[in-house]
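> Submitted below is the structure of interest, expressed as structure tokens.
Every number here is computed from the coordinates shown, using simple stated rules; none is lab data. All values derive from a computational prediction rather than experimental measurement. Cβ sites come from the backbone with ideal geometry, for glycine too, and all protein chains shown count toward neighbours.
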2 protein chains.
Amino acid sequence: MNETTLCPRLAKAMDLIGKRWTGLILYQLLDGSQRFNEIESALPVSGRLLSERLKELEKEGLVERKVYSEVPVRVEYSLTEKGRALEGAIRNIESWATNWL
Amino acid sequence: MNETTLCPRLAKAMDLIGKRWTGLILYQLLDGSQRFNEIESALPVSGRLLSERLKELEKEGLVERKVYSEVPVRVEYSLTEKGRALEGAIRNIESWATNWL
DNA sequence: TATATTTAATTACAAAAAGTAACTTAAAAT
DNA sequence: ATTTTAAGTTACTTTTTGTAATTAAATATA
């Protein structure tokens, strides 16, 4: 495998948001801040991977994690500005899916 | 894992174009019809997976495969209308990548 | 004090997908 | 018969995912 890529930034974007479940997680978060279990229930993703993906998205600055020290603990995830900036792209894919699938 | 998904069509789209390398393969084909080796050289994808992905994309009707019986054989891949319809979404991601990565 | 409850994870292990490199096929030129 | 070249395929290793059980934390309850 060579390492020449036409557009390294697009490659990184694809690697990030093209990772399994990530697109759907972001789509789900377009509806607003949500807690861990809400996202887990809304998507066919297991807790293990949801946790992993949310960590990646947080690290990349697309998602913000907020802990509320209630009983039991409540953790809410929401899109940052960088994450919300993907809304157009996601809506575009959604619209393609509606028209072509 | 549950199976309830807000938008089954978006889920399918994400499963398809979110598969590793698929986004970049489509992006590469936006430049026009290209042969197997051209795509393989342009992207950090191995022949094994490129072959697999192109087959999936052909099966889903996003890509067309044309064989030219020259010596040695020439095989060209190009986007169908359905595939080209993704251009907006891909450009959108590209533009996000430029602005945010 | 010990046990129960609830959300948000983490761990352990099996299964599937991806990475890597060598090999095969086909068709014609030497 | 051997060589050449593009387009794959195969065999094998490594990484990622799927699944289910387990842990952590903070309080309420017996």
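> Top mean-square fluctuation among A:V75, A:V45, A:V67, Gaussian network model of chain A, C-alpha springs under 10 Å?
Residue with maximal mean-square fluctuation among A:V75, A:V45, A:V67: A:V67.
> Hey, can you grab everything whose amide H is under 5 Å from the amide H of A:V75? Only 5+ residues off in sequence or another chain; H modelled, so Pro and N-termini drop out.
A:F36, A:Y68
> At what distance in nm do the modelled label points of B:K59 and B:D31 sit from each other, each positioned 7 Å from its Cα along Cα→Cβ?
Label-label distance for B:K59 and B:D31, simple model: 2.8 nm.
> Using the Karplus curve 6.51 cos²θ - 1.76 cosθ + 1.60 with θ = phi - 60°, work out ³J(HN,Hα) for each residue of the stretch A:49-59 in order, rounded to whole Hz, and write x for Gly and Pro.
Couplings: 6, 4, 4, 5, 5, 5, 5, 4, 5, 5, 4 Hz.
> Next question, about the same structure. List, shortest first and in nm to one decimal, how far the label point of A:S33 (7 Å from Cα along Cα→Cβ) is from its counterparts in the other copies.
Computed spacing set for this position: 5.5 nm.
> Still on this structure: Order of B:I39, A:I93 from fewest to most other C-beta atoms within 10 Å? Don't skip to the end; give the middle numbers.
Details: B:I39 20, A:I93 26.
Ascending number of Cβ neighbours within 10 Å: B:I39, A:I93.
> Could you give P(r) for the protein assembly as shown, binned at 10 Å from zero, as whole percent values over all Cα-Cα pairs?
For the protein assembly as shown, the pair-distance distribution reads 8, 34, 33, 17, 6, 2, 0, 0.
> Report, as an integer, the average count of C-beta atoms from other chains found within 10 Å of each Cβ along B:38-44.
Mean shielding by partner chains, rounded to a whole number: 3.
> Can you compute 3J(HN,Hα) from phi for each residue in the stretch B:80-86, using the Karplus curve 6.51 cos²θ - 1.76 cosθ + 1.60 with θ = phi - 60°, rounded to whole Hz and x for Gly and Pro?
7, 4, 4, x, 5, 5, 8
> Past 24 Å, Cα to Cα, is the threshold; run A:K59/B:K55; B:K12/B:K66; A:K19/B:K66; A:K66/B:K19; A:K12/A:K66; B:K19/B:K59 against it and keep the listed order.
A:K59/B:K55; B:K12/B:K66; A:K19/B:K66; A:K66/B:K19; A:K12/A:K66, as the Cα separations exceed 24 Å there.
> Now a separate question. If each label sits 7 angstrom from Cα along the C-beta direction, how far apart, in nm, is B:S78 from its counterparts in the other copies?
The projected label point of B:S78 is separated from its counterparts by 4.9 nm.
> Taking the Cα centre of chain A as origin and charging only Cβ (+1 Lys, Arg; -1 Asp, Glu), how large is the dipole, in debye to the nearest 20?
With Lys and Arg at +1 and Asp and Glu at -1, about 140 debye.
> Would you kindly state how much longer the chain becomes between B:E81 and B:N99 on full extension, computed as 0.36 nm times their sequence separation minus their alpha carbon distance, in nm to one decimal?
3.6 nm
> By how many nm would the segment from A:R91 to A:S46 grow when fully extended, if each residue of separation counts as 0.36 nm and the alpha-carbon distance is taken off?
Here the answer is 13.8 nm.
> If you don't mind, another one. Could you pull the copy-to-copy label distances for A:L101, with points set 7 Å along Cα to Cβ, in nm to one decimal and sorted shortest first?
2.1
> Restricting things to alpha carbons, find the Rg to Rh ratio for chain B using the Kirkwood radius for Rh.
Reported Rg/Rh (Cα atoms, Kirkwood Rh): 1.02.
> Determine how many Å³ per residue the convex hull of the Cα atoms of the stretch A:33-73 encloses.
79
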